[in-house]
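The values are calculated or read from the model by the stated rules, or taken from the named source; none is laboratory data. Bear in mind the structure is a predicted one, so any value in this text is a computation, not a measurement. Quick reminder, even Gly has a Cβ in these numbers, built from the backbone with ideal geometry, and neighbours come from all protein chains shown. Only protein heavy atoms, including side chains, enter the accessible area calculation; ligands, DNA and RNA are left aside. Shrake-Rupley method; radii C 1.70, N 1.55, O 1.52, S 1.80 Å.
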Amino acid sequence: MKLNGKLFLYLNILILFYCFTSMAEAANIIKTRTENIIKGPSNLLLNQPSDVAVGKSGNIYVMDGVNNRVAVFGANGDFKFQFGRKGKNQGDFLYPVGITVDEKEKIYVADSQNHRVQIFSNTGEYINSFKIKEMGEGGKEPDPTDVLILEDKLYISDNDNHRIVVYNKNTFEYISEWGKNGFREGEFRYPFLMSSNGIGKIYIVDVINARVQAFSPKGDYFHSIGQFGIKEGTFFRPKGVALDTKKRVYITDLYTGVVQVFNEDGVLIGIVGNEFGKMKKFNTPCGIAIDYQDNLYITEMFANTVTKMKILD
């Protein structure tokens with residue numbers, strides 16, 4: 001009997017859930033309280049959201065890539081508006097993946113299959129866009145999966161080319177790049193979502209290598225968090241990363257459904273749980289964000305939701 005892809009994934013998740021049972025009993029729990037579950041209005045439901053960003057206004061920006069749009073919600077989860085449609089013109093998307101906002105709440109979208117980054121106002125009006133520099137001989141078309149803003153630079157993860165590409169935030173001029181296909185320090189196998197501590201350390205999810213690597217803004221390697229496995233401190237398929245106000249690093253695992261928490265140097269602190277001290281199991285968690293009030297937002301892809309939680313610890 002052949003299993004379709006989604007059924008196979010669910011069976012793997014079920015197996016991994018039981019493998020994590022002993023870890024859940026032993027691990028320190030980072031307590032959270034669920035505040036809201038965001039799905040969108042009945043006629044505009046989310047469809048496998050991949051990433052989420054939160055502006056200083058409290059607006060929640062959801063990357064709803066299968067629907068080729070950004071869905072925008074208020075701080076209490078009420079739907080406000082959407083923008084984008086499938087296409088290749090300005091303001092259109094083709095299976096976008098990552099999203100971020102800057103201090104002025106401009107929105108940056110990693111428009112994956114259009115091989116570009118697009119920038120919008122906080123009301124969804126198109127501002128600008130730029131194509132990602134191609135690799136040249138032997139390279140594939142750029143596949144941007146996330147955008148990270150640090151000071152006056154934009155860092156873009158080019159998934160299929162296993163590299164990080166750096167651009168000037170104001171002029172969109174190419175500056176530099178680092179990384180190549182491999183499993184050694186500083187190499188990647190499909191870099192995905194990213195985050196920063198805001199003071200010179202960039203965390204990049206290295207999916208197939210089952211780790212998160214930390215770099216300087218110039219691409220100097222610092223250290224890695226995790227390795228392949230199903231025990232505490234390891235990952236099966238990491239996807240998202242974010243830091244709270246205490247500079248703790250939260251990392252999602254798509255297959256296990258667990259969100260683990262580490263200190264800035266990669267030492268395991270605990271696992272995200274509920275307010276009663278029980279480990280919380282998410283449905284295919286992917287992109288993750290944390291706002292200035294330590295509210296935690298997690299996209300649950302196959303649940304077609306974004307879960308908002310208050311970090312209590």
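When T245 is tested against the conditions (1) surrounded by fewer than 22 Cβ atoms within 10 Å (Cβ to Cβ); (2) closer than 16 Å to P49 by Cβ; (3) among the hydroxyl-bearing types (S, T, Y), the lone failure is (2).
If only residues of segment 135-154 that are touching a strand residue (DSSP E or B) at 6+ places or on another chain (Cβ under 8 Å) and touching a residue at least 60 places away in the same chain (Cβ under 8 Å) are counted, the one that is surrounded by the fewest Cβ atoms within 10 Å (Cβ to Cβ) is K153. The requirement of being assigned to a loop (DSSP other than H, G, I, E, B), open to solvent by less than 10 Å² (accessible area, probe 1.4 Å) and in contact with a Phe, Trp or Tyr (Cβ under 9 Å, 6 or more places away or on another chain) is not satisfied by T252.
Checked against (1) open to solvent by 30 Å² or more (accessible area, probe 1.4 Å); (2) in a strand (DSSP E or B); (3) not aliphatic (A, V, I, L, M), E275 meets all criteria but (2).
Looking across S129, S112, S121, S57, one residue alone is touching a Pro at 6+ places or on another chain (Cβ under 8 Å) and either closer than 21 Å to A303 by Cβ or touching a residue at least 12 places away in the same chain (Cβ under 8 Å) (or both). It is S112.
Would you check if there is a residue in segment 236-249 being within 19 Å of the chain's Cα centre (by Cα) and over 24 Å from T100 (Cα atoms)? Checked segment 236-249: at least one residue is within 19 Å of the chain's Cα centre (by Cα) and over 24 Å from T100 (Cα atoms).
In segment 278-289, which residues are in contact (Cβ under 8 Å) with a residue 60 or more places away in the chain, under 19 Å from the mean Cα position of the chain (by Cα) and open to solvent by 20 Å² or more (accessible area, probe 1.4 Å)? Write out each step before concluding.
Kept after step one, since they are in contact (Cβ under 8 Å) with a residue 60 or more places away in the chain, are these residues of segment 278-289: 278-281, 284, 286-289.
Keeping just the survivors that are under 19 Å from the mean Cα position of the chain (by Cα) gives 280-281, 284, 286-289.
Across segment 278-289, the qualifying residues are K280, K281.
Here is a check on your reading of the model: is K169 farther than 30 Å from K231 by Cα and either surrounded by fewer than 22 Cβ atoms within 10 Å (Cβ to Cβ) or modelled with pLDDT under 95 (or both)? It is true that K169 is farther than 30 Å from K231 by Cα and either surrounded by fewer than 22 Cβ atoms within 10 Å (Cβ to Cβ) or modelled with pLDDT under 95 (or both). All conditions in (1) small (G, A, S); (2) surrounded by 15 or more Cβ atoms within 10 Å (Cβ to Cβ); (3) more than 20 Å from the chain's Cα centre (by Cα); (4) on the phi > 0 side of the Ramachandran plot hold for G186, with the sole exception of (3).
Can you tell which of S157, S176 is open to solvent by 20 Å² or more (accessible area, probe 1.4 Å), among the hydroxyl-bearing types (S, T, Y), modelled with pLDDT of 95 or more and outside any loop (DSSP other than H, G, I, E, B)? Give the derivation first.
Numbers: S157 fails: open to solvent by 20 Å² or more (accessible area, probe 1.4 Å).
Of the residues listed, the single one that is open to solvent by 20 Å² or more (accessible area, probe 1.4 Å), among the hydroxyl-bearing types (S, T, Y), modelled with pLDDT of 95 or more and outside any loop (DSSP other than H, G, I, E, B) is S176.
Would you pick out the residues in segment 30-89 that are of a type in the set (D, E, K, R) and under 17 Å from the mean Cα position of the chain (by Cα)? Let's see the steps before the verdict.
Initial filter on segment 30-89 (of a type in the set (D, E, K, R)): 31, 33, 35, 39, 51, 56, 64, 69, 78, 80, 85-86, 88.
Residues satisfying the conditions are D51, D64, R69.
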